[in-house]
Amino acid sequence: MISSLFSGVSGLRNHQTRMDVLGNNIANVNTIGFKGSRATFQESLVQTMQGAGRPTDNRGGTNAVQLGLGMSVASIDNIHSQGGLESTGKISDMAIQGSGYFILADGSGGQYFTRAGNFGFDANGTMINPANGMFVQGKMADSTGEIPATAQLGNITVPFGQQDPPNATSSVTYANNLDSNATDSTASLQSAGTTKVDTVTGKASDGAGGVHEITVAFTQQAEKSDNTGIVLGGATESTTIGSLGVTAAGLGETTTISVDNGTSSVNLTGLTVNSTIGDVITQINAVDGVTAYWDNVNEYIVVERDFAGDGASYNVQAVSTTAVAPAGETVCGVLLDATATFDANDGVDHDFTATDVFTPTGGAPQAAVNLGIEVDPVTGLPNGISEIGGGGITCRATAGLDAGTLKIETEDTQHAMSTTVYDSQGGKHTLVTTFTKTNTDNKWNWQITLNGDEVVRYGDTGSVTFNPDGSLLNFSSDSGTPEFSFDPNNGGEDVVMDLNPGSTGMFDGLTGFSSNSTAAIVNQDGYGMGILDSITVDDTGMIYGIFTNGISRELAQVQLAGFNNESGLMKQGQSMYVTSANSGDPIIGTAGETISATISSGALETSNIDLAAEFTGMITAQRGFQANARVITTSDTMLDELVNLKR
C-alpha cells in the first residue's frame, strides 16, 4: 500500500514539472526568437510479482504479473518550429525563415547561437546583440567590395562615415530614338540679290540646317506678241474700215478670234463698213487672255496673248469664215492679215533654271542640286522656286522671278542630351551630346561638348547612320576611335570613355524610327567621392553600404549555423543556445546556399508558442495533479483503516 503513496508522489512531482515547462512557455509568449518546450512522461520502475508462464499441451500460457511504481519525466524537448515574423522597420533587425541560427561570439572565442535577431551597432560600428554585447558573426568584404572565398568568420564592422573613392567615367551608353522625319529647319531669306525674291516660307523636309546658295538663270521670260497684218499708212483708231477698202464687213461674213488652238474663241460680228479700227480692237479685247491695241508709230493693230509659254500651246489666231470674198468685195478679216489669217504666238516657254549649292552647318559645300520653278497661273511667268531642302521650302517673287543669286539659311534640327561625368579626382563635368540631322537619309552628325574649362583631346565629333528598318548601321567618330577624351583641367588625369550606342543591326541602343526623338544618355559608370550613410541587408544576409555618391557596395555577410540535431542544442539563457554532445558541430554557411533559409531585414521572429495548446496542457496537467493527489489521500485513508484494525 505504501507504493501507491510513492506513485502518487511521483505523479504530483512530475506534473508540477510539466506545469513548470508550460509556465515558462507562457511567460515567453512575447520573447523574440523563443522556442517552446514540452515535457513528456514515462512509466517508472516496475515490480514483477509473477513471471510469465509458457503454454503446454495441457494448459495455456500465463502472463506476467507486474506492478508499476509510479512515473517519471522522459524528456523535456525543445520545439524548433518556425515563429511568425513581425515587421519593425529597423534595418539591423533580422529574422530567419527556415532553419539555422545567428552566430554570436564573446571576446574569449565562445560561440552562441540564437534566433533572436534584434541586432544593433556599438560605438565602433560593430554589429552586436545589444542585450548582452555579444558580437554578430559574419564575413567581411575586401576593399574591392567582394567577399573572398578564404574570408574567415569574425565580427561584422560597418564603418559609418567611411569615404568611398571616386571613379572616373570610362563608359557612356546611348539609347532610344532619333526621329527620322524630324525637322526644326525653318528657312529664312538672307539675301535676294537680283532675283526679286521677297518671301521664303516653310521648313526643310530633310531637317538639315545650313546655307542654300541658289543661282537663278534664264534665256527668255517676257511675254511676246505678233503684229497684225497690213494696215494702210496714215490710219488712226477712228479710221473707218470702209475707208480702208473693206466692203463686206457685217454682210454675213464673220471673223473668228481663236485662243490656244481653239480652246476659246470670239466672233467679230456687228461690224459695218462704217465701223472704226477702234471698234475692231474692242471686239478683239473681248477675248479672255488677249490684248489688242493700236500702234500709232507703226500704224497697225498689235495683238498679244497674255501668257508666257510655248507658242504651240499659247497662241491667238484670226480666221475669216469666208474663204473667198464675194466678187468685188473685200472682207473685214483682210484687215488683220494680208492672207486673211494671223497668229500671235508668245514664243518658247520660259527657260528658267535654279541650282542649289547647300553648305551644311559646320560642313563643306555639297554638289549642286536642280530645283523646281513655280509659274504664276495667271500670267504664266516664273515667280517662285520650290524643292529646296528636300522639299518644304518655297521662295516667292511677287514681281516675277529674275536672274541672280540668293541665299537662304535653314536652322539645324537637333536633339541634345546631357549627363554628369567624373574625373579621377571625383570632379563633376557636364557632358552634352548634340545630334544634328543631315540632308542624307537616316544620318545624323553628333558633337560632344563640355560646359567648363575642360580641354577636349579627341573623339568629340562623328556621325550615326541607321538602316531602313531603324536599326543601328554605324556609329563613327571623326577621330577614328570609339573613345572620347578630355583633360579636366583641374589636376586630374585625362578622362577616356567609351561611347556605346548599341549593337550594329540591333535595336538595343540608338534607333532611327519615324517617331518622336527620345534619345538619351542612359548610363555612365563614373561617380564622385562618397561617405557611407546607410546600409541594406538582402535575403542572403549580405550587408550593402549605401554611400552619399549613390554607390552601393558589399560590406559584409551575416553567416548562419545549422545542426544535424537542433533539438540537441542546450539553452544558455538570454535566448541563446550552445552545442551539446548530441547536437553535432555547427555547419556554418550562407542563407540560401549552405543553409536552407532566408533572412528578412527589418523584421523579427516572434515566439512559436501556441497559447491555446499551452492552456490545454495546463488543464491536463492540473487534472493529472489532482488525480495523483487523490491517490495519496485515498491511500492514507486506507492506511488509517489498517491501523484501526488493532482497536
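Every number here is computed from the coordinates shown, using simple stated rules; none is lab data. Computed from a predicted model, the values in this text were never measured in an experiment. Cβ placement follows ideal geometry from the backbone for every residue including glycine, while neighbour counts extend to all protein chains displayed.
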Assigned charges on the beta-carbon of Lys, Arg, Asp, Glu; the stretch 524-606 dipole about Cα centre (debye): 240 debye
Rg and Dmax of the stretch 421-547, Cα atoms only, in Å: 18.2, 58
Within the chain: Cβ-based charge dipole about Cα centre, in debye rounded to nearest 20 (Lys, Arg +1; Asp, Glu -1): 6020 debye
Within the stretch 581-647, GluC sites (Glu not before Pro) in DSSP loop having at most 10 other beta-carbon neighbours inside 10 Å: 593
Kirkwood hydrodynamic radius (C-alpha pairs) into Stokes-Einstein, the stretch 483-635, 20 °C and 1.002 mPa s, D in µm²/s: 91 µm²/s
Proportion of all alpha-carbon pairs of the stretch 506-567 beyond 18 Å (%): 63 percent
Within-13-Å neighbourhood charge of residue 209 [Cβ basis; K, R +1; D, E -1]: -3
Top positive-direction residue, dipole computed over the stretch 440-596 with Cβ charges, set 489, 561, 459: 561
Cβ-based net charge around residue 540, under 15 Å, with every Lys or Arg adding one and every Asp or Glu removing one: -4
Amide H contacts under 5 Å for residue 380, placed H, 5+ residues apart: 308
Under-5 Å amide H pairs with residue 595, H placed in peptide plane, nonlocal only: 590
Translational diffusion of the stretch 445-484, µm² s⁻¹ [Kirkwood Rh, Cα pairs; Stokes-Einstein; 20 °C; 1.002 mPa s]: 190 µm²/s
Cα Rg, Dmax, the stretch 14-157, angstrom units: 26.3, 91
Within straight-line cross-link reach of residue 203, lysines at Cα separation under 30 Å, skipping those fewer than 8 residues along the same chain: 407, 437, 443
Radius of gyration and Dmax over the Cα atoms of the chain, both given in Å: 55.6, 198
Principal-axis tilt of helix 2-27 within the chain, Cα atoms, nearest 10 degrees: 20 degrees
The stretch 58-129, Cα convex hull volume normalised per residue, Å³: 236 Å³
Under the Debye formula (equal points on every Cα, no solvent term), log10 I(q)/I(0) of the stretch 3-80 at q = 0.12 Å⁻¹: -0.54
The stretch 369-423: radius of gyration over Cα atoms, expressed as a fraction of 2.2 N^0.38 Å: 1.87
Positive dipole terminus of the chain, leading residue within 365, 216, 313 (C-beta point charges): 365
Given charges at Cβ of Lys, Arg, Asp, Glu: the chain dipole, positive-most of 445, 15, 202: 15
